[in-house]
Amino acid sequence: MSVKAIQIRAHGGPEQMQLADVEVGAPGPGDIRIRHEASGLNFIDVYQRTGLYPLKLPHTLGMEGAGIVEAVGEGVTHLSAGDRAAYASNPPGSYSQARVMPAKNVVKLPDGIAFDTAAGMMLKGLTAQYLLKKTRPVEGLEKGDFVLFHAAAGGVGLIACQWAKALGLQLIGTAGGPAKCALAKEHGAAHAIDYKSEDFVARVKEITGGKGVKVVYDSIGKDTFEKSLDCLRPFGLMASFGNSSGPVAPFSPLILGPKGSLYVTRQTLFTHIATREATQAMADDLFAVVLSGAVKIRIDQRYPMAEVAQAHRELEARKTTGSTVLMP
């Protein structure tokens, strides 16, 4: 059958994304076919569009979606036709009305979570889960500990603000402008720093009484990496998980010693969800915290799929807050 999808035939700007007719067939072994009710927008989509993370072309974009399972392939036992389902998954392809994809990262969606909410939370929520629960400093995290989270008013950030509060952590968030800082605090950040008007290193030291934080969670990359190291206490962890301002420049590990014998890691969600069992366990944790009300998913932007170029422009210009979803 033929469906509408957003494809790129060359890497580049938002104008490279074109609405196209693509053929979707029956699922093979280990696959499912899903019809999307909503798809999520994430910065990784920008990296793939520009070629920072190159794709084999032509390719449909999108790493996150929710909808109804239409058919399952041989060997798939955890899903059935008619199930409500959601995912964050490789390969890309969620910017489409329907697709065939590997089943291992697709999970049943609880009835209490709407499709658009799921599309706006799977990749972002699973990212917050592995950061706060698995990407921890060598000395661990305890209630009352300070952590620094950049882009705290974004999709991942607002989830992390709430989840960190539920865990008893004091999250210091950075964001661009008073409105975004207020949004982070409304969602559980203990402190918010406007990086446009404040020196976030000095403010972190002030907030922590000169000690610094145990861990920095950084999706910004080039613009924040070096200063983030100066926010860490001895034996602290610098956890890089994105590069919205560009890739981090090469650096010498020698600088980590004088700064306090620091640890540095570069994380990616897809290592954490490499198996169906790991994906399900993380998703169960995410669903539980959302259904409990401790974490609320804020969707501030909705676009028809055909207007995805504008959605990308606004994301790259840092005009968005919370999650963004595309409606097929």
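The table below gives the values:
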quantity	calculated
Answer from A103, A98, A114 - the residue that is on the phi < 0 side of the Ramachandran plot, surrounded by 24 or more Cβ atoms within 10 Å (Cβ to Cβ) and either at pLDDT 95 or above or hydrophobic (A, V, I, L, M, F, W, C) (or both)	A103
Count of residues meeting criterion [assigned to a helix (DSSP H, G or I) and under 16 Å from the mean Cα position of the chain (by Cα)] in segment 268-288	10
Selected residue (only one of S261, S197 is more than 23 Å from the chain's Cα centre (by Cα) and on the phi > 0 side of the Ramachandran plot)	S261
Some residue of segment 220-239 being touching a strand residue (DSSP E or B) at 6+ places or on another chain (Cβ under 8 Å), within 20 Å of I159 (Cα to Cα) and at pLDDT 95 or above	yes
Yes/no for N105 being in contact (Cβ under 8 Å) with a residue 24 or more places away in the chain, in contact with a Lys or Arg (Cβ under 8 Å, 6 or more places away or on another chain) and either farther than 19 Å from A10 by Cα or small (G, A, S) (or both)	yes
Conditions (1) charged (D, E, K, R); (2) in a helix (DSSP H, G or I); (3) in contact with a strand residue (DSSP E or B) (Cβ under 8 Å, 6 or more places away or on another chain): number failed by R302	(2)
Residue in segment 245-264 that is at pLDDT 95 or above, in a strand (DSSP E or B) and either under 17 Å from V138 (Cβ atoms) or not aliphatic (A, V, I, L, M) (or both) present	yes
Residue in segment 172-186 that is touching a residue at least 24 places away in the same chain (Cβ under 8 Å), closer than 19 Å to A281 by Cβ and not aromatic (F, W, Y) present	no
For G173: the one exception among (1) touching a His at 6+ places or on another chain (Cβ under 9 Å); (2) outside any strand (DSSP E or B)	(2)
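The values are calculated or read from the model by the stated rules, or taken from the named source; none is laboratory data. What you are looking at is a predicted structure, and each value in this text was computed from that prediction instead of being measured. Neighbour counts are summed over all protein chains in view; Cβ atoms, including those assigned to glycine, are modelled from backbone coordinates with ideal geometry.
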